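Coordinate-derived values only; no laboratory data. Being a predicted model, the structure only gives us computed values, none of them experimental. A quick note on method: Cβ atoms are made from the backbone with ideal geometry, for glycine too, and the neighbour counts reach across all protein chains shown.
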Amino acid sequence: MGSDSDRVAELVTKLAMEFKVRDMGVSSFFLSIETVPVSGGMLLSQQHYMKDILKQADMVDCKPVATPVSSAKGTDESMAPYADPTQYRSLTSALQYLTVTRPDLSYAINRLCQYMHAPTTAD
C-alpha cells in the first residue's frame, strides 16, 4: 500500500515526466486561502481575505450577526436603488469566493447575487 507521502512522491515523479515541475515547499497561502497545519490534517482559512472584504466595504467595526440573511420583506422606502451598484457587484463577487471555505454562507451570498443587476437598499 505505502504511505501518503510515497503516493505524492510517485505522482510528482509521473508529472515531472510530462511537465516542468518545481517543489516550492509547503504551501501556507495560495489564492487567498491560508493553509494551517492541524493534528491529522490541514485547515483551510480565508480569514485574511474576509478582513480585506470588510475593509473594502468599510465594515471593519461592525458587529457580527448570527444569521446574515434578513427574513423581513423590504418596504417601498427600503427599495431605493443602491448608491454604487459597481461596489455592490464587486463586494458580492468577492463574497462568492468565500464559499470555498465557508459553504454555510452560500445561501446568503446567493440571495445577494440575485440583485446584482439592480441592487437596492432593501434589507
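Numerical summary
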quantity: Distance (nanometres) between label positions extended 7 Å along Cα→Cβ at VAL36 and LYS14; calculated: 3.4 nm
quantity: Point-charge dipole on Cβ atoms (K/R +1, D/E -1) for the chain, about Cα centre, debye to 20; calculated: 140 debye
quantity: Convex hull projection area averaged over all views, segment 4-113, Cα basis, nm²; calculated: 10.9 nm²
quantity: Per-residue ³J(HN,Hα) for segment 117-122, Karplus 6.51 cos²θ - 1.76 cosθ + 1.60, θ = phi - 60°, Hz, x for Gly and Pro; calculated: 5, 8, x, 10, 8, 4
quantity: Order of MET50, MET17, MET42 - criterion: other Cβ atoms within 10 Å of each residue's Cβ, fewest first; calculated: MET17, MET42, MET50
quantity: Modelled FRET efficiency - R0 25 Å, SER28 with LYS63, Cβ distances, 0.05 increments; calculated: 0.25
